[in-house]
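Here the structure comes first, spelled out in structure tokens, and everything after it is commentary.
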Amino acid sequence: MFQAINNALNLALKSDDTALVFGEDVAFGGVFRCTMGLQSKYGSSRVFNTPLCEQGIVGFGIGAANMGSTSIAEIQFADYIFPAFDQLVNEAAKMRYRSGGQFDCGKLTVRAPCGAVGHGGLYHSQSPEAYFAHTPGLKVVVPRGPVKAKGLLLACIRDPDPCIIFEPKTLYRAAVEEVPVDDFVLPIGKADILLEGDTVTLVGWGTQVHVLLEVAQMAKSKFNISCEVIDLVSILPWDREAVCQSAKKTKRVLIAHEAPLTGGFGAELAAAIQEDCFLHLEAPVVRVTGFDTPFPHVFEPFYLPDKWRCLDAIRNLLDY
């Protein structure tokens, strides 16, 4: 997946002379090697390192975007996006609105590696998508693999609104696909139905999609049921129509994400499903998530919403 992202950044820089790529260590390729070779190809005036100051990185990106540059900022880990929270939520998201259209930083895209990686501990494993989903004016996407990463990143870069793309870091090398070499974009706000079924709807995004696909096969083997698996793809905006159509069909819904339970984006999905599908449901919507604790180090395997926790939740849905 990291190569697909590198390819997308290369295409953006090649096709747009105003495009800039910047962040901590991006000139050297970045800690996940997503920007390898870009500075040598496009020069240090377009691909460059920044100080270790996330507020400054995003603030610079907002200013450059206001002045007409396509700004592609990297936050080295999503856990460290919080110093830039004010810049993203109070400046980038509201710039066009509060200036009456005089200023527009819609050319800003922020990349941030997120999620569990096996040994990240509390400062290199978080999934902060729900914090930003509460902010009108931003768009938030999470790819599940290389094709989606390339298409969504290019879509974000060319979208008229400021975008955040959270890239599950464990997929940088684990997710492998044949990716088209040509330039292409994928729609923001459109969910993917990866597996059709009629008994339980399983909804996730990013790394969790791969867990749910495995869980669906396990449920078919153990319970003789067919699960419908949906990759939400986009957190803000999200595809309410696709999710609710599936919920009405299967009548049971499981939502899984790595972020903690309380206030996680799964709660928004669950609320919308019960509003739109209440009379169709055979059981309450269930969420299988991380726990309401700091992200653990050695206990990470027990924290994550793995296939066994999800399978147990499906059993409970069937027994309700």
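The values are calculated or read from the model by the stated rules, or taken from the named source; none is laboratory data. As the structure is a prediction and not an experimental result, all values here were calculated from the model. Cβ coordinates were reconstructed from backbone atoms using ideal geometry, including for glycine residues, and neighbour counts include every protein chain displayed. With ligands, DNA and RNA removed, areas are computed over all heavy atoms of the protein, side chains included. Shrake-Rupley method; radii C 1.70, N 1.55, O 1.52, S 1.80 Å.
For the structure I just gave you, tell me whether VAL285 is among the β-branched types (Val, Ile, Thr), at pLDDT 95 or above, open to solvent by 20 Å² or more (accessible area, probe 1.4 Å) and not assigned by TED's automatic domain parsing to the domain that holds ARG144.
yes
Within the set of pairs 6+ apart or on separate chains, which have a first residue in segment 65-77 that is assigned by TED's automatic domain parsing to the domain that holds GLU54, a second that is of a type in the set (Asp, Glu) and assigned to a loop (DSSP other than H, G, I, E, B), and C-beta atoms under 6 Å apart?
The qualifying pairs are THR70/ASP16; GLN76/GLU24.
I'd like to check something: does segment 143-154 contain any residue that is buried (at least 24 other Cβ atoms within 10 Å of the Cβ) and free of Cβ contacts under 8 Å to residues at least 60 places away in the same chain?
Looking for residues that are buried (at least 24 other Cβ atoms within 10 Å of the Cβ) and free of Cβ contacts under 8 Å to residues at least 60 places away in the same chain, one finds none in segment 143-154, hence no.
Of the residues ALA112, ALA130, only one is open to solvent by 10 Å² or more (accessible area, probe 1.4 Å) and touching a residue at least 12 places away in the same chain (Cβ under 8 Å); which?
The conditions single out ALA130.
Got a number for residues in segment 291-320 being outside any loop (DSSP other than H, G, I, E, B), open to solvent by less than 100 Å² (accessible area, probe 1.4 Å) and over 17 Å from ILE225 (Cβ atoms)?
The number of residues fulfilling the criteria is 4.
Quickly run through segment 204-227 and pick out the residues that are of a type in the set (Asp, Glu) and under 11 Å from ALA191 (Cβ atoms).
Passing the criteria: none in range.
Go through segment 105-147 and report how many residues are over 23 Å from ALA65 (Cα atoms), over 14 Å from the mean Cα position of the chain (by Cα) and assigned to a loop (DSSP other than H, G, I, E, B).
5
LEU13 is checked against (1) assigned to a helix (DSSP H, G or I); (2) open to solvent by 10 Å² or more (accessible area, probe 1.4 Å); (3) out of contact with any strand residue (DSSP E or B) (no Cβ under 6 Å at 6 or more places or on another chain) and fails just one. What number does that condition carry?
The failed condition is (2).
Of the residues that sit in segment 211-250 and are of a type in the set (Asp, Glu) and assigned to a strand (DSSP E or B), which one is farthest from CYS163 (Cα to Cα)?
Top of the filtered list is GLU228.
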